[in-house]
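The values are calculated or read from the model by the stated rules, or taken from the named source; none is laboratory data. Every value quoted in this text rests on a predicted model; they were computed, and no experiment measured them. Cβ sites come from the backbone with ideal geometry, for glycine too, and all protein chains shown count toward neighbours. We work out accessible area using only protein heavy atoms, side chains counted, and drop any ligands, DNA or RNA first. Shrake-Rupley method; radii C 1.70, N 1.55, O 1.52, S 1.80 Å.
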Amino acid sequence: MDRIRIRGGRRLEGRIAIGGAKNAALPLMATGLLTHEAVVLTNAPALSDIATMGGLLAQHGLRVEHDTASRRISLDGAATDFEAPYDLVRKMRASVLVLGPLLARYGQARVSLPGGCAIGTRPVDLHLKGLEQMGAVIELDAGYINARVPDGGRLKGARILFTQVAAGATENLLMAATLAEGTTELVNAAREPEISDLAHCLLSMGARIEGIGTDRLVIEGVDSLHGTAHPILPDRIEAGTFACAGAITGGELLLEGMRLDLFGACTRSLREAGVELLEEADGVRARRLNGLHGVDVMTEPFPGFATDMQAQFMALMAVAEGASMITETIFENRFMHVPELTRMGARINAHGSSAIVRGVGKLSGAPVMATDLRASVSLIIAGLAAEGETVVNRVYHLDRGYERVEQKLAAAGADIERIAG
Ligand code: UD1
């Protein structure tokens, strides 16, 4: 299994191209199931999660082409198989995003239940309850969600009030509602930029959606959708990750293609920590001003501080002056990077959903273990500032969400390499 070796202490400087957002690309790919015409996505990142979703859609019967050189994904044709098997869903929870589109267009779907994952239990009850409200009949059988629309009919519009703000559930129901009979209202919907990107793509396919960017989406179902070409928005989490990486080294990076509005509350937290963020014509400039300061953050749905930035921000806080209280409210087990950062000399005391980070003058390099996608990259960030050598093991998590991360960091001056093995 590959490892990443970092020798810390180099200041990062230069430009880093930010790719298309993984979390936008995955639901956007699922829109290929809503029409038999071609859906073409540009600015597509080359990530293993994208390949997994492509494999799943191909298994459903779509023609899937991903040209990594031109960053273009094209999805075409009709589904002939309605099952999302355990092997694929287990690898990537976002596979459950095929459920809404399959039900809406074909009236049937059999999707493996995702089960637990490293960062928490992550149920799909909100997806299922919403689809039931739209008339789907859902049974759980042998680890699978068996769903169908009775009598060969269509899903029906409904008023769905989410009891919790959930990105994936909002996306699944938004896609399902575009082809339902009548009007669907999604109340307390998630407002992540990736959801707005999905809604804009659906609009370009002929869907009728109001309230984009708000917590109340109103969708008037149409009989059919047509093909489209859609550019995927930039990855705010990749950009935020590099902002932290640059800052921890005292550096300055231009995050090419990024927009400041996509950061939500992360902008304020980074600025309070001592990282200047400036929007420029071709991206966002992230520059460490003087010292880093401890800042308290609490993860929340967008526009709050993103849970997907929590581990990276914690690495930054590990070397800041003063203390920082980091509270995770979205996932119950998302502090697995804490013991690994502690092995590098960080002073972190986690209890329940909060962690107190007391900044230390220096981290020291160590062999560490990656446990999930964002935890992996937080260890790389820590390694960039640590004295000596850090080796991050089990980096396959990293390839799910970061394209050539070690090459991008090396080009900005980091001493980092991948060791195949
Ligand atoms: C998405 C992102 C993930 C990010 C997360 C929160 C993708 C592919 N993944 O995940 O990177 O960390 O949003 O911003 O876009 N919940 C339920 N029942 C449900 C669905 C969710 O209780 O049916 C809970 C979850 O356990 C969690 C919270 O709601 O506590 C938010 O989950 P959700 O926003 O749905 O996360 P994902 O869509 O899985």
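Here is a yes/no grid of residues against (1) under 15 Å from the mean Cα position of the chain (by Cα); (2) assigned by the TED database to the domain that holds Met325:
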{"position": "Glu194", "(1), (2)": "yes, no"}
{"position": "Ala199", "(1), (2)": "no, no"}
{"position": "Leu203", "(1), (2)": "no, no"}
{"position": "Gly206", "(1), (2)": "no, no"}
{"position": "Ile212", "(1), (2)": "no, no"}
{"position": "Arg216", "(1), (2)": "no, no"}
{"position": "Cys244", "(1), (2)": "no, yes"}
{"position": "Met258", "(1), (2)": "no, yes"}
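Scan (1) open to solvent by 30 Å² or more (accessible area, probe 1.4 Å); (2) in the same structural domain as Val39 (by the TED database); (3) more than 16 Å from the ligand (Cβ to nearest atom); (4) under 20 Å from Ala167 (Cβ atoms) for the single condition His226 breaks and write down its number.
His226 satisfies every listed condition except (4).
Going by the structure shown, is Val149 over 24 Å from the mean Cα position of the chain (by Cα), modelled with pLDDT of 95 or more and open to solvent by less than 20 Å² (accessible area, probe 1.4 Å)?
When the stated conditions are applied, Val149 passes them.
Test Asn290 against the criterion of being surrounded by fewer than 21 Cβ atoms within 10 Å (Cβ to Cβ), without any contact (Cβ under 8 Å) to a residue 24 or more places away in the chain and not small (Gly, Ala, Ser), and give yes or no.
It is true that Asn290 is surrounded by fewer than 21 Cβ atoms within 10 Å (Cβ to Cβ), without any contact (Cβ under 8 Å) to a residue 24 or more places away in the chain and not small (Gly, Ala, Ser).
Within the range 112-129, does at least one residue satisfy the condition of being touching a residue at least 40 places away in the same chain (Cβ under 8 Å) and touching a strand residue (DSSP E or B) at 6+ places or on another chain (Cβ under 6 Å)?
no
Hey, among Ala207, Ala199, which residue is within 15 Å of the ligand (Cβ to nearest atom) and buried (at least 21 other Cβ atoms within 10 Å of the Cβ)?
Ala199
Could you tell me which residue of the range 369-414 is nearest to the ligand (Cβ to nearest atom), considering only residues that are polar (S, T, N, Q) and over 23 Å from Pro45 (Cβ atoms)?
Per the stated criteria, the residue is Asn393.
Hey, among the residues in the range 362-373 that are part of a strand (DSSP E or B) and not small (Gly, Ala, Ser), which one's farthest from the chain's Cα centre (by Cα)?
Top of the filtered list is Pro367.
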